[in-house]
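The values are calculated or read from the model by the stated rules, or taken from the named source; none is laboratory data. Computed from a predicted model, the values in this text were never measured in an experiment. Backbone-built Cβ (ideal geometry, glycine too); neighbour counts: all protein chains shown. Ligands, DNA and RNA are stripped out before the accessible areas are found, and what is left, the full protein with its side chains, is counted by its heavy atoms. Shrake-Rupley method; radii C 1.70, N 1.55, O 1.52, S 1.80 Å.
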Amino acid sequence: MKFKLTREHIYPWPVKVNVPDPDKAGAIIEQRFNMTFRAMPLDEAKKLDAEIAALPEAERNARQHDMLRQVCVGWDDQVIGDDNKPVAFTPALLDEMLELHSWYRIGLYSAYQESLTGRAAELGN
């Protein structure tokens with residue numbers, strides 16, 4: 001396959017979230033969905049890092065997940081609500097996800113990092 005140079009690259013990537021099992025002590029439930037990521041150019045990432053670093057500590061803490069907010073642009077219908085129906089992606093719901101539980105953040109950061117390393121995603125059943 002030929003190398004294709006693109007200015008913007010948007011792509012789906014599998015996210016694995018390990019959630020503590022509410023019914024079994026010490027066990028996890030592996031949940032999966034596909035996040036649509038936007039590859040962030042290096043100059044944009046550096047600018048964001050510098051912008052956040054220049055802020056007072058309280059403001060830096062409030063913006064610690066800004067990179068994810070800018071690279072996560074959608075998810076598939078495997079993200080469901082309490083009614084077991086698909087939940088449409090919105091930036092507000094992403095913010096809620098980032099603030100709720102550490103396992104959501106860990107899953108998103110891990111998936112984005114994995115996608116940047118060029119390794120093929122783990123294929124699950």
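Of the residues that sit in segment 18-53 and are acidic (D, E) and in a loop (DSSP other than H, G, I, E, B), which one is nearest to M67 (Cα to Cα)? Here the answer is D21.
Each residue in segment 60-82 was checked for being in contact with a strand residue (DSSP E or B) (Cβ under 6 Å, 6 or more places away or on another chain) and among the polar types (S, T, N, Q), and 1 of them qualify.
Given the criterion of a type outside the set (F, W, Y), open to solvent by 60 Å² or more (accessible area, probe 1.4 Å) and within 21 Å of M97 (Cβ to Cβ), identify the matching residue among P56, P20. Answer to the check: P20. Scanning segment 71-91 for residues that are open to solvent by less than 70 Å² (accessible area, probe 1.4 Å) and either more than 27 Å from K16 (Cα to Cα) or outside any loop (DSSP other than H, G, I, E, B) (or both) turns up V71, C72, V73, G74, W75.
For a quick check of your reading of the model, give me the residue pairs whose first member lies in segment 18-31 and is farther than 16 Å from R105 by Cβ, whose second is among the acidic types (D, E), with beta-carbon atoms closer than 6 Å and at least 6 apart or on different chains. That search, which allows pairs on different chains as well, returns A27/D21; I29/D21.
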